[in-house]
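Student: Would you mind keeping the following structure in view while I ask a few things?
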Amino acid sequence: MISHLRTMWLVFLHLFHKRETIQYPEEKVAMRPRWRGRIVLTKDPDGGERCVGCYLCAAACPVDCIALQAAEDENGRRYPEFFRINFSRCIFCGYCEEACPTYAIQLTPDFEMAEYRRQDLVYEKEDLLIDSQGKYPGYNFYKMAGLSAGVKEKGKGENEEAPVDIKSLLP
Amino acid sequence: MPRIYIDNMPFEVKAGKNLLEVCLSLGIDLPYFCWHPAMGSIGACRQCAVKVYKDAEDTKGRIMMSCMESVKDDLRISVCDPGAKAFRAQVIEWLMTNHPHDCPVCDEGGSCHLQDVTVMTGHDYRRYEFKKRTYTNQYLGPLINHEMNRCIQCYRCVRFYRDYAGGKDLNVFSAHNHVYFGREKDGVLQSPFSGNLAEVCPTGVFTDKTLKEHYTRKWDLTNAPAICQHCSLGCNIIAGERYGQLRSIVNRYNSEVNGYFLCDKGRFGYEFVNSENRITQTLIRHRAAEAVDEQTLMNHLPHILTGHTVIGIGSPRASIESNYALMELAGKECFYQGLPDNQVFLEQKIADILSAGTIHTPSLKEIEQADAVLVLGEDIWNTAPIMALAVRQSVMRTAAAHVQEQVPVPGWHDAALKELAQESKGFLANMSILSSPLDEIAAVQVHGTPDDMARLGFQIAHLLNNTLPAVDNAADTLLHNATMISQQLLLARHPVIITGTSSGSEALIRAAYDIAAALQNEERHPGLAFVLPDCNSMGLAMTGASSFEKALAIVQKNPDVTAVILENDLYRNIPADLVDTFFSKCRQVVVLDTLHNRTTEKADVLIPVATFAEGDGTFINNEGRAQRSYQVFMSPDKVLKEAFKWLFEMKVIRRAISNGHDVHPDEMLAGLERAYPQFKGIADVVPSHAFRIHGSRIPRESQRYSGRTAMQANKAVSEPKPLQDDDSPLSFTMEGYRGMPPAPLIPYFWAPGWNSGQAVNKYQQETGGALKGGDPGIRLFRETGAIPAYFQDIPDAFSPRQGKWFLLPQYQLFGSGELSIYTKGIAALSPEPRAILSARDAASLNMATGDLLSVQTDNRTYQFPLETRDDLQDGIVILTAGLKGMDALSWGTWVNLFK
Ligand code: SF4
Ligand code: SF4
Ligand code: SF4
Ligand code: SF4
Ligand code: FES
């Protein structure tokens, strides 16, 4: 009996607490930047597409909802010819972001993705690519890679020596 | 068998092996780079370190390179010793100091030997803070990509390219930490085995450029065990698909056939499957709407198949199932080969010789192990490339074996053997019409007409067995060569004689047989190998069907013939005016093929069929080995089924028997075996389609296959039902049995920790040995032990004729293939058509290199740019054969030439 009364009392007190429920959608939630929502593809500081079509995100994805095809431009720079995420399957685990060696794929704090048709949850590259570096500014994979793909020449990378002169026998 | 202790565990191991081979064969993951099972050890990379102990008391041990130590009885080693482990991790860390940050954009990634070993040794964090060495790359042609930064200086590439394959134009340059693996300057790699660099190189320095065009990681491919379609050797391949396109071919190890390597035609010649020129629609011509659906076709077929004479024209590039289905449709007597008389005659002769079983026909592995080789008039470099590579190994290994007789060096000790053998070589006599790259390693090279080469052959046979007739009026060089070759052959234990059909000469086949027969005795076991033109030439020849000319005779007599032509562009095999006559006389022509060509243009009904990648089929190679090629993927276009399925349905229509269900290849083979005893045993070539392991199928896709729920989501967001394969125990999904499948069903090589092709070690009984459970394929010819009967009949010497030239073909590795030419890179390397004359003949015609020569043959006149050669005999004209768009000509006939 005491316990019942106590419970009722506690519930009653809640009437005077600060409300947790917000009046969504009139009122918006404050989202943290690391919240795992809608996935985007970002660009590098030079404005080039960051994704190099390495397929690591696709391999990491536990529900296999990422499909892409790598292609190469005239400079040898890799990019995805198409990049598709089936958000009706995505579980927003963030493994793709973790796997991505170029910071291209990032999860954003946007969860407002409801659609009436499931088909509309299939996002293509045009829907995913944003004109921003996202959460990780400053990184440009092709400046780090050994490959020369129109971003820097061989030997011009930060941690690279000039290309070897194979005709020389000097140490 | 020596007993050794590895980490205190006793193992019985094979003598003569090195410790690395032993560890890998036992299933121990010991990292390595420079050792290669086919090329032996040189101890260059220092990756395979183990601790070796003096005796049971020794606790300190010394670090040694396992690939450079032989097994000895009671040897104690440790793989897990912390010192050895640290050493191996250290080696990788050093290699990584200069390794570029490339994995995401490196085509090797996901099947990278270096990644495997890096992970295996545990190196994961870069401590080195200084700069990385860089190199500039080279253009190496349309097939191989070069990215030199990724090199780890293991020397495998040059050892393969130069030592193993005899290439000249790839080398190592510069010194100390600047060594560079490439060409002297940019340019196309000249060796037709260059594609193997992509597999031999443990890193992404050399990668497949055709794959780059539609790049897919190994884990994303749908793979199946298949058979190369581009020559008669039947190399085993793994074909991989993604998004409805065939994307890559890699080697599928088979110790008896291709071992670890493929030729570039086989590796890169797959793009015909993806060609724009594919037939994708059933067509009924001469109507308003020619493209029809399957039902319309089925309604139309009874009109042309019933109540008329049906003849079938078979194909040397279609599977044996499809050829058999056509035999069943048309009836045995109405089935023809679709090849000219002469070719059918030659192939029949070969099939007869092999089925008589008096002389052993060697596998490629046995050719590698031969101790003397005689190539009699076949340009194997161009018509059977991997056989040429095997012949080269025989020459090198024989030299090494001679060394080993004097100095006790183990066979795997490549560097020591090379050093001791220097320039010495085993015996090879190479006879061909024109000079060939094989001449370089040949002790005797002979160039001449097929008849002259056959005469030399008969003289050799005479010297080996003097009851055989001698060649009369023989020139001195012939006698000299014959003496020399016969002496060398007599010294051998396992000599191999190779000939083939490409020079169109029956005399060569007879001569080769007589030599082999004369060599055979208690101690000497000769092998007699034949090269045929196409991937199922042997299968077709074994049917014993008659030639195209016989079919032509039928249609000329009978005005009511429906001809069903199976995967055969007749214009490539038969002179054009004969084919034109044939088509004009047929009432109806039904063609089943994969690509549009001149023959399909003549079809009244055109039916698209599956290529090897979209269908199952069994192919019989040059040694009579039946091998199954499994479907890789299901075409998004449903109509693309195997020819034998279409033909079976047509038979049902024609014979008005009930259908019931689709046929499986298994049933076709069982039927074939029943109807034609020469194919006995073929039904056992692979496990039946109902075979399961613990109730599971074997998945064609890796467990990391990605994109399953997104690949087709642009079309429809609900995933379709997984595709069913009713014809084989393989599945089109990632689900199924993940253990070791039976050897004929291995879709790709993968083992935990080994994502690269090096995983093959786990599938072998011992490194470099047979696959577990035995190599796939069944040899249909069995030795009978019957006494060989000699042919003898010696042809006359070739003599030039006034105003006439003897027409002979020159086949091209790149260019003569009907299908491989659809690969852009191969087309780019294909030579232009040309005619070749001796310099004197050209002068007599008042012509020089580059002029247009007119050749009159087969009632037509063709024009070719002329090339003059000094190594060619007078009285012969040689034309490039089989290039795209070229007519078939009557090889081995006398033709007119004029300016
Ligand atoms: S992991 Fe990153 S770079 Fe690689 S394909 Fe995915 S998004 Fe592109
Ligand atoms: S060679 Fe291997 S380790 Fe090196 S970049 Fe390529 S995938 Fe990575
Ligand atoms: S290019 Fe490849 S095979 Fe050649 S040395 Fe370098 S890593 Fe080894
Ligand atoms: S040798 Fe013949 S079968 Fe082997 S890969 Fe080359 S073309 Fe194919
Ligand atoms: S594999 Fe032993 S040293 Fe390279």
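Student: Restricting the first residue to the range B:368-389 and requiring it to be open to solvent by less than 10 Å² (accessible area, probe 1.4 Å), which pairs with a second residue that is basic (K, R) meet a Cβ separation below 8 Å and a spacing of at least six or different chains?
Tutor: If the second residue must be basic (K, R), the pairs left are B:P385/B:K265.
Student: Would you check if B:A828 is aliphatic (A, V, I, L, M) and assigned to a loop (DSSP other than H, G, I, E, B)? Break it down into steps so the answer makes sense when it comes.
Tutor: Details: aliphatic (A, V, I, L, M): yes; assigned to a loop (DSSP other than H, G, I, E, B): no.
No: the conditions fail for B:A828.
Student: Continuing with this model, one more query. Could you run through the range B:9-49 and say how many residues are more than 21 Å from B:A759 (Cβ to Cβ) and in contact (Cβ under 8 Å) with a residue 12 or more places away in the chain?
Tutor: If we filter the range B:9-49 for residues that are more than 21 Å from B:A759 (Cβ to Cβ), which is where we start, we get B:9-16, B:42-44, B:46, B:49.
Among the residues that remain, those that are also in contact (Cβ under 8 Å) with a residue 12 or more places away in the chain are: B:11, B:13-16, B:42-44, B:46, B:49.
Qualifying residue count for the region: 10.
Student: Sort through A:A145, A:A114, A:A60, A:A70 and tell me the only one that's facing chain B (nearest Cβ under 7 Å) and either open to solvent by 10 Å² or more (accessible area, probe 1.4 Å) or within 10 Å of ligand 1 (Cβ to nearest atom) (or both). Can you show your working first?
Tutor: Details: A:A145 fails: either open to solvent by 10 Å² or more (accessible area, probe 1.4 Å) or within 10 Å of ligand 1 (Cβ to nearest atom) (or both); A:A114 fails: facing chain B (nearest Cβ under 7 Å); A:A60 fails: facing chain B (nearest Cβ under 7 Å).
The conditions single out A:A70.
Student: Is it the case, given these coordinates, that B:T611 is in contact with a Ser or Thr (Cβ under 6 Å, 6 or more places away or on another chain) and assigned to a loop (DSSP other than H, G, I, E, B)?
Tutor: Working: in contact with a Ser or Thr (Cβ under 6 Å, 6 or more places away or on another chain): yes; assigned to a loop (DSSP other than H, G, I, E, B): yes.
The answer is yes for B:T611.
Student: May I ask you to verify whether A:C96 is surrounded by 19 or more Cβ atoms within 10 Å (Cβ to Cβ), more than 7 Å from chain B (Cβ to nearest Cβ) and in a loop (DSSP other than H, G, I, E, B)?
Tutor: No, not satisfied.
Student: Let me ask something additional. Somewhere in the range A:148-165, is a residue within 13 Å of chain B (Cβ to nearest Cβ), farther than 20 Å from A:E72 by Cβ, open to solvent by 30 Å² or more (accessible area, probe 1.4 Å) and touching a residue at least 60 places away in the same chain (Cβ under 8 Å)?
Tutor: Checking the range A:148-165: not a single residue is within 13 Å of chain B (Cβ to nearest Cβ), farther than 20 Å from A:E72 by Cβ, open to solvent by 30 Å² or more (accessible area, probe 1.4 Å) and touching a residue at least 60 places away in the same chain (Cβ under 8 Å).
Student: With in contact with a strand residue (DSSP E or B) (Cβ under 7 Å, 6 or more places away or on another chain), farther than 27 Å from B:P752 by Cα and either open to solvent by 70 Å² or more (accessible area, probe 1.4 Å) or away from every other protein chain (no Cβ under 14 Å) (or both) as the only criterion, which of B:I657, B:I682 stands out?
Tutor: Details: B:I657 fails: in contact with a strand residue (DSSP E or B) (Cβ under 7 Å, 6 or more places away or on another chain).
After applying the criteria, what remains is B:I682.
Student: Identify all residues within the range B:91-122 that are more than 14 Å from chain A (Cβ to nearest Cβ) and in contact with a strand residue (DSSP E or B) (Cβ under 9 Å, 6 or more places away or on another chain); write none if there are none.
Tutor: B:V91, B:H113, B:D116, B:M120 - these are the residues of the range B:91-122 that are more than 14 Å from chain A (Cβ to nearest Cβ) and in contact with a strand residue (DSSP E or B) (Cβ under 9 Å, 6 or more places away or on another chain).
Student: Can you tell me which residue within the range B:140-160, out of those that are farther than 17 Å from B:F193 by Cα and touching an Asp or Glu at 6+ places or on another chain (Cβ under 8 Å), is nearest to ligand 5 (Cβ to nearest atom)?
Tutor: Quick first cut of the range B:140-160, residues farther than 17 Å from B:F193 by Cα only: B:147-154.
Add one more test, that the residue is touching an Asp or Glu at 6+ places or on another chain (Cβ under 8 Å), and what stays is B:147, B:149-150.
Working: B:E147: 22, B:N149: 21, B:R150: 17 Å.
Filtering the range B:140-160 for residues that are farther than 17 Å from B:F193 by Cα and touching an Asp or Glu at 6+ places or on another chain (Cβ under 8 Å), the one nearest to ligand 5 (Cβ to nearest atom) comes out as B:R150.
Student: Just the residues that are farther than 18 Å from B:Y748 by Cβ, open to solvent by 10 Å² or more (accessible area, probe 1.4 Å) and either more than 14 Å from chain A (Cβ to nearest Cβ) or touching a helix residue (DSSP H, G or I) at 6+ places or on another chain (Cβ under 7 Å) (or both), please, taken from the range B:202-228.
Tutor: B:K209
Student: Filter the range B:704-738 for residues that are crowded, with 17+ Cβ neighbours inside 10 Å and touching a residue at least 60 places away in the same chain (Cβ under 8 Å) and give the result.
Tutor: Step one: list which residues in the range B:704-738 are crowded, with 17+ Cβ neighbours inside 10 Å, which gives B:704-713, B:717, B:725, B:727-734, B:736-737.
B:R704, B:Y705, B:S706, B:G707, B:M711, B:D725, B:D727, B:S728, B:L730, B:F732 - these are the residues of the range B:704-738 that are crowded, with 17+ Cβ neighbours inside 10 Å and touching a residue at least 60 places away in the same chain (Cβ under 8 Å).
Student: Could you list, in sequence order, all residues of the range B:464-502 that are in a loop (DSSP other than H, G, I, E, B) and either in contact with an Asp or Glu (Cβ under 7 Å, 6 or more places away or on another chain) or exposed (fewer than 14 other Cβ atoms within 10 Å of the Cβ) (or both)? Steps first, answer last, please.
Tutor: Going through the range B:464-502, the residues in a loop (DSSP other than H, G, I, E, B) turn out to be B:465-475, B:492-494, B:501-502.
Within the range B:464-502, B:N466, B:T467, B:L468, B:D472, B:N473, B:A475, B:A492, B:R493, B:H494, B:T501, B:S502 qualify.
Student: Considering the range B:766-777 alone, what residues qualify as being surrounded by fewer than 20 Cβ atoms within 10 Å (Cβ to Cβ) and out of contact with any Ser or Thr (no Cβ under 8 Å at 6 or more places or on another chain)?
Tutor: B:K772, B:G773, B:G774
Student: Tell me whether the range B:123-138 contains one or more residues that are away from ligand 2 (no atom under 16 Å from the Cβ), under 34 Å from the mean Cα position of the chain (by Cα) and open to solvent by 20 Å² or more (accessible area, probe 1.4 Å).
Tutor: Our first condition is that a residue be away from ligand 2 (no atom under 16 Å from the Cβ); within the range B:123-138, this holds for B:127, B:129-131, B:136, B:138.
Next, from what is left, pick out any that are under 34 Å from the mean Cα position of the chain (by Cα): B:136, B:138.
Filter once more, so that each one left must be open to solvent by 20 Å² or more (accessible area, probe 1.4 Å): B:136, B:138.
There is at least one residue in the range B:123-138 that is away from ligand 2 (no atom under 16 Å from the Cβ), under 34 Å from the mean Cα position of the chain (by Cα) and open to solvent by 20 Å² or more (accessible area, probe 1.4 Å).
Student: Between a first residue in the range A:36-56 that is over 13 Å from A:G134 (Cβ atoms) and among the hydroxyl-bearing types (S, T, Y) and a second residue that is more than 16 Å from ligand 2 (Cβ to nearest atom) and assigned to a loop (DSSP other than H, G, I, E, B), which pairs have beta carbons less than 9 Å apart while being 6 or more apart in sequence or on different chains?
Tutor: These pairs meet every condition: A:Y55/B:S706; A:Y55/B:G707.
Student: If I ask for residues that are part of a loop (DSSP other than H, G, I, E, B) and either open to solvent by less than 10 Å² (accessible area, probe 1.4 Å) or within 16 Å of ligand 3 (Cβ to nearest atom) (or both), which ones from the range B:259-302 would you list?
Tutor: As a first pass, look at the range B:259-302 and keep what is part of a loop (DSSP other than H, G, I, E, B): B:260-263, B:269-270, B:275-277, B:279-281, B:285-290, B:293.
Result: B:Y260, B:F261, B:L262, B:G269, B:Y270, B:I279.
Student: Looking at B:L329, B:L364, can you tell me which residue is within 16 Å of ligand 4 (Cβ to nearest atom), out of contact with any Ser or Thr (no Cβ under 8 Å at 6 or more places or on another chain) and touching a residue at least 12 places away in the same chain (Cβ under 8 Å)? Give the derivation first.
Tutor: Working: B:L329 fails: within 16 Å of ligand 4 (Cβ to nearest atom).
Residue meeting the stated conditions: B:L364.
Student: Show the residue pairs meeting these rules: Cβ distance below 8 Å; 6+ apart or different chains; first residue within the range B:410-432 and within 19 Å of B:V375 (Cα to Cα) and of a type in the set (F, W, Y); second residue open to solvent by 40 Å² or more (accessible area, probe 1.4 Å) and in a helix (DSSP H, G or I).
Tutor: As it stands, the answer is B:F427/B:Q488; B:F427/B:L491, since those pairs meet every condition given.
Student: Turning to a different aspect of this structure: Of all strands (runs of 3 or more DSSP E) completely enclosed by the range B:25-132, which ones contain at least 1 residues that are more than 16 Å from ligand 3 (Cβ to nearest atom) and under 20 Å from B:G411 (Cβ atoms)?
Tutor: Details: elements: B:49-53, B:62-65, B:76-78.
Strands (runs of 3 or more DSSP E) meeting the threshold: B:62-65.
Student: Output the residue which, of all residues in the range B:573-602 that are in contact with a helix residue (DSSP H, G or I) (Cβ under 8 Å, 6 or more places away or on another chain), in a helix (DSSP H, G or I) and charged (D, E, K, R), is nearest to B:L301 (Cα to Cα).
Tutor: B:K585
Student: For the range B:334-388, please list each of the helices (runs of 4 or more DSSP H) lying entirely inside it that holds at least 1 residues being over 23 Å from the mean Cα position of the chain (by Cα).
Tutor: Working: elements: B:341-356, B:364-368, B:380-383.
Once the helices (runs of 4 or more DSSP H) in the range B:334-388 are filtered for at least 1 residues that are over 23 Å from the mean Cα position of the chain (by Cα), what remains is B:341-356.
Student: Sticking with this structure for a sec: Could you check, for the range B:148-168, whether at least one of its residues is of a type in the set (S, T, N, Q), open to solvent by 30 Å² or more (accessible area, probe 1.4 Å), on the phi > 0 side of the Ramachandran plot and within 16 Å of ligand 2 (Cβ to nearest atom)? Reasoning before the result, please.
Tutor: Within the range B:148-168, the first condition is being of a type in the set (S, T, N, Q), and the residues that meet it are B:149, B:153.
Filter once more, keeping what is open to solvent by 30 Å² or more (accessible area, probe 1.4 Å): B:153.
In the following step, the residues that additionally are on the phi > 0 side of the Ramachandran plot were identified as B:153.
Those left that are additionally within 16 Å of ligand 2 (Cβ to nearest atom): B:153.
Yes, there is a match, as at least one residue in the range B:148-168 is of a type in the set (S, T, N, Q), open to solvent by 30 Å² or more (accessible area, probe 1.4 Å), on the phi > 0 side of the Ramachandran plot and within 16 Å of ligand 2 (Cβ to nearest atom).
Student: As an exercise: evaluate B:F268 against (1) within 16 Å of ligand 4 (Cβ to nearest atom); (2) at pLDDT below 95; (3) not β-branched (V, I, T) and give the number of the one condition it does not meet.
Tutor: (2)
Student: Could you go through the range A:21-32 and let me know if any residue there is outside any helix (DSSP H, G or I), within 16 Å of ligand 2 (Cβ to nearest atom) and among the hydrophobic types (A, V, I, L, M, F, W, C).
Tutor: Step one: list which residues in the range A:21-32 are outside any helix (DSSP H, G or I), which gives A:21-32.
With within 16 Å of ligand 2 (Cβ to nearest atom) added as a condition, the list becomes none.
Checking the range A:21-32: not a single residue is outside any helix (DSSP H, G or I), within 16 Å of ligand 2 (Cβ to nearest atom) and among the hydrophobic types (A, V, I, L, M, F, W, C).
Student: At least 1 residues that are within 16 Å of ligand 3 (Cβ to nearest atom) in each: list the strands (runs of 3 or more DSSP E) lying fully within the range B:163-244 that qualify. Spell out how you get there, then give the answer.
Tutor: Numbers: elements: B:171-173, B:180-182, B:206-208, B:222-227, B:236-242.
Answer list for the range B:163-244: B:171-173, B:180-182, B:206-208.
Student: Hey, another quick one. Run A:I85 past the list (1) in a loop (DSSP other than H, G, I, E, B); (2) within 13 Å of chain B (Cβ to nearest Cβ) and report the number of the one that doesn't hold.
Tutor: The single condition A:I85 does not satisfy is (1).
The values are calculated or read from the model by the stated rules, or taken from the named source; none is laboratory data. These numbers come from a predicted model, not from an experiment. Positions of Cβ are backbone-derived with ideal geometry, glycine not excepted, and every protein chain shown enters the neighbour counts. In case anyone asks, the SASA skips ligands and DNA or RNA and just uses the protein heavy atoms, side chains included. Shrake-Rupley method; radii C 1.70, N 1.55, O 1.52, S 1.80 Å.
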